[in-house]
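This report concerns only the one structure given below.
The values are calculated or read from the model by the stated rules, or taken from the named source; none is laboratory data. Remember, predicted model here, so these are calculated numbers, not experimental data. Using ideal geometry, Cβ is built from the backbone for each residue, glycine included, and neighbour counts are taken over all protein chains shown. Each accessible area value is taken on the protein alone, full model and side chains, heavy atoms only, with ligands, DNA and RNA left out. Shrake-Rupley method; radii C 1.70, N 1.55, O 1.52, S 1.80 Å.
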Amino acid sequence: MDFDEILHHVGDNGRFHIWLIVFLNILSMVNSPHDVMENFTAAIPAHHCSINLDNSRSENGTAMNLTTEALIKISIPMGPNQKPEQCRRFKHTQWQFLVSNISISNNTELETEPCLDGWTYDHSVFTSTIVTEWDLVCDFQSFKYYAQATSLAGHLLAGPLCGIVADRFGRKPLMMFCCLAYGVLGTCCAFAPNFSFYCVLRFLLSASSSTIIITSLTLVIEETPVQWYATTIVLNGLCASIGLGGLGALAYVISDWHLLQLIFALTYFIFFMFFCWMPESVRWLMITGKTDQAWKELQRIASINGKKDFAQSLSIEDLKSKLKEDVNSTGKHFRINDIIINPMIRKIVVCNAILIFAEFFSIFGLLLDVQMLGKNIFLTQILLGMIDIPSKSLTYFTLKNASRRPLIAFLLLATGSCITINIFLPEEMHILRLIIFILGKGSFAAFCSVSTAYSNELMPVALRTTINGVYITVARLAVVLSALTLVTRKYFVHLPMILYGVVPIVMTINIYFLPETVNRPFIDIIKDMEKRKRSTSKNISKKEVQDFLETTEC
């Protein structure tokens with residue numbers, strides 16, 4: 001399909017494509033903090049048991065004259081770090097500790113009890129979190145991780161499911177539904193009446209977030225001319241990093257979890273209105289045989305770009321004449337089982353999924369050293385976002401000029417090597433360990449951008465979001481397994497870090513089984529994949545190569 005020729009006539013550098021890319025970047029900036037927002041909304045502030053004084057002395061008004069420090073001294077035992085215990089209190093008020101010459105360093109023999117009257121929290125950093133809202137501390141602290149587990153379950157469910165729906169029914173209706181759903185669910189989440197309802201809403205929000213990540217980028221790439229492809233991928237990654245860094249600054253200003261959640265939710269109503277105006281992916285419409293609707297969308301794009309003459313002269317017959325003869329007959333019959341039964345697609349999906357798994361598995365090992373950036377949670381979040389910007393900026397030039405396979409192999413080796421080197425560096429070498437951390441995190445950030453471009457170049461349009469959904473699911477599973485790997489510390493303390501470093505290095509071998517895609521046209525149907533495979537064969541003729549480039553030009 002000569003899709004680029006069609007885009008050129010409707011204005012491939014016009015207002016429509018500029019607005020489209022700008023909108024994608026804003027959406028990426030807002031959506032990227034979803035998973036890390038709970039670092040702030042579910043933060044655990046300093047806390048201790050609520051104080052309940054004995055009536056015998058409190059009635060005399062003694063307690064009325066005591067400072068907060070004195071009340072804690074007579075009610076809360078001190079822990080090993082000489083700070084008040086968070087989960088225990090004295091069963092009886094220890095009034096004798098008010099006498100200055102009595103030592104309180106050894107109070108282990110005094111009778112204590114759990115926090116029967118709730119907890120008192122330090123609100124100097126966070127005025128409100130879900131932890132303070134529902135007392136998710138001490139014996140109830142594990143409930144906080146239930147919320148994180150339900151969020152992960154939402155991602156795992158939405159990954160493959162949203163791809164199937166988008167490839168079957170279109171990109172636009174799914175994006176409209178998910179943006180509206182996120183806005184409504186996020187608003188309800190900000191005012192959740194109880195923790196169980198909050199967990200259900202987080203599950204649905206994560207499902208919507210994954211769908212938006214997968215479908216929005218696919219939709220924009222399919223509407224974008226080839227010359228803007230690298231720019232679109234890099235800007236999307238940069239804005240995601242800016243969004244992560246911006247979350248730290250925003251959370252510092254807004255310390256109430258209700259308001260922080262609400263601000264992000266309300267922006268999705270704006271995205272919903274934009275998608276109501278936005279055309280469906282013309283490339284997907286033509287691949288699936290919806291030529292009449294594709295013609296109407298192209299006329300809209302031409303009008304927005306100021307190409308009214310072309311919009312009026314463009315007819316359905318002209319559009320059909322620019323399509324390959326077999327598109328309408330073949331495109332209709334793409335099914336999810338094509339991924340399984342077709343050996344060429346199956347090999348590409350499996351090998352690329354292994355590469356993605358290896359990189360995301362290793363990133364957990366890098367994040368274990370994140371404390372080197374400082375103990376201030378807001379500053380750390382900002383730095384984690386800003387570290388990615390230089391490496392993602394460099395990928396703009398590599399995507400335009402470098403071959404995909406050696407570049408991905410290099411980034412995998414770099415990430416694994418940085419983790420492996422850190423095993424042998426003593427903790428006292430803070431500066432060197434910080435440099436290694438930045439290099440490893442930069443390699444991971446660059447891999448995300450390059451892998452996004454490569455994954456979209458490997459697959460045909462009609463199966464693209466389905467397979468991208470599979471990759472998202474694989475990435476989430478990799479993070480889960482990476483966290484579970486920490487259990488192996490009980491056998492050998494350095495075993496998790498060794499695995500984090502070795503896995504991406506070993507899995508690099510899978511790049512050998514994947515085709516090169518640099519300077520190759522996008523593929524629209526499975527037949528294009530077969531032609532690409534023949535064009536890379538050593539025995540193919542120059543004429544066959546030229547035929548492949550002509551018939552798949554887009």
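Amide H contacts for Ala46 (H built 1.01 Å from N in the peptide plane; partners 5 or more residues away or on another chain; cut-off under 5 Å): Asp122.
Charges on Cβ only, +1 for Lys and Arg, -1 for Asp and Glu, centred on the Cα centroid of region 345-486; of Ser417, Leu368, Gly469, which one is farthest towards the dipole's positive end? The residue sitting farthest along the positive end of the dipole is Gly469. If R0 equals 30 Å, the separation of the Cβ atoms of Arg300 and Leu157 corresponds to a calculated FRET efficiency of about 0.30.
Here the spin labels are modelled as points 7 Å beyond Cα on the Cα-Cβ line, and at Cys138 and Ile423 they lie 4.2 nm apart.
If packing is taken as the average count of other Cβ atoms within 10 Å, what order do 219-228, 452-461, 245-254, 81-90 fall into, highest mean first?
The densest-packed peptide leads the list: 452-461, 219-228, 245-254, 81-90.
Residue separation of His92 and Leu432 scaled by 0.36 nm, minus their Cα-Cα distance, works out to 117.2 nm of gained length. Relative protection proxy for 419-427, 438-446, 180-188, from highest mean packing down: 438-446, 180-188, 419-427 (other beta-carbon atoms within 10 angstrom). Roughly speaking, what % of Cα-Cα pairs in region 211-303 are separated by over 17 Å, rounded to a whole number? Roughly 65 percent, rounded to a whole number. One chain, two ends: Met78 and Asp117. Fully extended at 0.36 nm per residue, the span grows by 12.2 nm beyond their Cα-Cα distance.
For Val493 and Phe513, compute 0.36 nm times the residue count separating them, minus their Cα-Cα distance, and round to one decimal in nm.
Working it through step by step, the gained length comes to 3.7 nm.
Of the cross-linked pairs Lys144/Lys347; Lys347/Lys490; Lys83/Lys441; Lys144/Lys172; Lys172/Lys392; Lys144/Lys375, those separated by over 30 Å at the C-alpha level are Lys144/Lys347; Lys347/Lys490; Lys83/Lys441; Lys144/Lys172. Summarising the label geometry, the points placed 7 Å from Cα in the beta-carbon direction at Ala70 and Ser403 lie 7.9 nm from one another.
Under a Cβ-Cβ cut-off of 14 Å, what is the net charge of the residues other than Cys178 that fall near it, where Lys and Arg count +1 and Asp and Glu count -1?
Local net charge: +2.
Residue by residue, region 239-244 carries 3J(HN,Hα) couplings of 5, 5, 5, 5, x, 5 Hz when phi is fed to the Karplus relation 6.51 cos²θ - 1.76 cosθ + 1.60 (θ = phi - 60°); x denotes Gly or Pro.
Between Thr112 and Lys91, the built amide H atoms are under 5 Å apart, and every one of these is 5 or more places off in sequence or on another chain.
Near the amide H of Arg88, within less than 5 Å, lie the amide hydrogens of Cys49, all on another chain or at least 5 residues away, with H placed in the peptide plane. Qualifying trypsin sites (Lys or Arg not before Pro) in region 374-434, where qualification requires a DSSP coil assignment and no more than 12 other C-beta atoms within 10 Å, comprise Lys375.
Annotation: Cα Rg of region 382-452 relative to the compact-globule expectation 2.2 N^0.38 Å equals 1.17. Share of carbon and sulfur in the accessible area of region 338-388 stands at 75%, probe radius 1.4 Å.
Positive contributions from Lys and Arg (+1) and negative ones from Asp and Glu (-1), summed over other residues with Cβ under 14 Å from the Cβ of Leu484, come out at +3.
Net charge of the neighbourhood of Ser210, taken over other residues with C-beta under 11 Å away and scored Lys/Arg +1, Asp/Glu -1, is 0.
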